[in-house]
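Visitor: My questions will all concern the structure given below.
The values are calculated or read from the model by the stated rules, or taken from the named source; none is laboratory data. The structure displayed is predicted, hence computed values, not measured ones. Note that each Cβ is placed from the backbone with ideal geometry, even for glycine, and that neighbours are counted across all protein chains shown. Each accessible area value is taken on the protein alone, full model and side chains, heavy atoms only, with ligands, DNA and RNA left out. Shrake-Rupley method; radii C 1.70, N 1.55, O 1.52, S 1.80 Å.
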Amino acid sequence: MDIGQYEQQLITIAKELIAYLIKAGASKEDAQDISQEAFVKLLETELVLSPDKLRAWMYRVAITRYYNLYKRKKRYLELIPEIISKSQWSDIILPNSGLITALGKLELEESLLILMRYEQELSVRQISVILEISENAVKTRLFRIRGKLKQFIEEE
């Protein structure tokens, strides 16, 4: 892979990260900042990652930065902001509006996992590499989250 292709892959990953973070509840500006911070970290560490490891590394850094941003805002504002609200899920076309409400009730980590699997269409293997957990742990978490969603929908 030549440098041009590598740069193109970095641009593609940056766009994916921004879209992913916005879907996860970050503002557009925060998502862009987090994506940029991930690239700065890549440059600072002087890593030359193979293309198959680059996406996972960038997602891992971006998710960590997003968690830190979330915790900092929560602490400084002394509020518990609702990261995944109904309006943020409403731009995804879903046949059941109860599902939109249920998605808004999930915890941040659960919402991020659902977004990775179904919005970003990442495989269980890719998610396991990004989160640094086993594939079985990813499958178990997804199973439990789907159960929660089903319960939320049935309660309505």
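Visitor: Using the heavy atoms of the protein chains alone and a 1.4 angstrom probe, what is the accessible area of the range 1-72 per residue in square angstrom?
Guide: 57 Å²
Visitor: Distance check, please: which entries in Lys53/Lys105; Lys53/Lys148; Lys71/Lys150; Lys15/Lys150; Lys15/Lys139; Lys71/Lys105 exceed 24 angstrom between their Cα atoms?
Guide: Over 24 Å apart, Cα to Cα: Lys53/Lys105; Lys53/Lys148; Lys71/Lys150; Lys15/Lys150; Lys15/Lys139.
Visitor: Additional query: Taking θ as phi - 60°, what are the ³J(HN,Hα) couplings along the range 108-119 by the Karplus curve (6.51, -1.76, 1.60), each to the nearest whole Hz, with x for Gly and Pro?
Guide: Karplus values, whole Hz, x for Gly and Pro: 4, 4, 5, 4, 5, 5, 4, 4, 4, 6, 9, 8.
Visitor: Here's a follow-up. Mind checking the per residue accessible area of the range 106-152 for me, 1.4 Å probe, whole number of Å²?
Guide: About 58 Å² of surface per residue is accessible.
Visitor: Shifting gears a bit: Quick check: pseudo-label points 7 Å beyond the Cα along Cα→Cβ at Arg125 and Tyr67, how many nm apart are they?
Guide: 2.5 nm
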